[in-house]
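Input: a single structure, listed below in structure tokens.
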Amino acid sequence: MRSRKHKSLCQSIEALEAREVKTAAITAALSASGVLTVTGTATQDIVQVNSSNSGVVVQRMLMVPNGPGSSIEIPLANIAISVGGKLQSGVTRTQVREVDPGNRTSR
């Protein structure tokens, strides 16, 4: 059994409307001619393009201190690559002929 205090408290709580904040994102796109363009944000992004036998992926990296005067980069997230309007987690090595670092969206 709920107390009257609990019941009156629940009746006085209002639901808030949803609020969304759009954030800038790092983007990657592969053109029909095989140019992989990576575009960063206004912050100092650390982005790595990794190529292996299994394909090419773009990763956002996080710089973590690792003792006095040194740091290491840790993969933070994979960046989807837009290919013909469809997002993919990676592409094959043969699809990429060139990597273009792109431009920052603002400075």
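The values are calculated or read from the model by the stated rules, or taken from the named source; none is laboratory data. Owing to the predicted nature of the structure, the values given are computational and were not obtained by experimental measurement. Cβ: placed from backbone, ideal geometry, glycine included. Neighbour counts: every protein chain shown.
Just name the residue that is surrounded by the most Cβ atoms within 10 Å (Cβ to Cβ) out of those in region 82-93 that are touching a residue at least 12 places away in the same chain (Cβ under 8 Å) and within 22 Å of residue 53 (Cα to Cα).
Filtering first and then ranking leaves 90.
Could you list all residues from region 27-42 that are within 13 Å of the chain's Cα centre (by Cα) and more than 10 Å from residue 83 (Cα to Cα)?
Passing the criteria: 27, 38, 39, 40, 41.
Name the residue that is modelled with the highest pLDDT, counting only residues in region 1-50 that are in a helix (DSSP H, G or I) and not basic (Lys, Arg).
Checked region 1-50; the qualifying residue modelled with the highest pLDDT is 11.
Considering only residues that are of a type outside the set (D, E, K, R), farther than 16 Å from residue 34 by Cβ and modelled with pLDDT of 90 or more, which ones fall in region 79-107? Full working, then the answer.
Going through region 79-107, the residues of a type outside the set (D, E, K, R) turn out to be 79-85, 87-92, 94-96, 99, 101-103, 105-106.
Okay, now just the ones that are also farther than 16 Å from residue 34 by Cβ, so 79-80, 85, 87, 89, 103, 105-106.
If the condition is that a residue be of a type outside the set (D, E, K, R), farther than 16 Å from residue 34 by Cβ and modelled with pLDDT of 90 or more, then 79, 80, 85, 87, 89 are the ones that fit.
If you take the residues in region 39-81 that are surrounded by 12 or more Cβ atoms within 10 Å (Cβ to Cβ) and touching a residue at least 60 places away in the same chain (Cβ under 8 Å), which one is nearest to residue 29 (Cα to Cα)?
39
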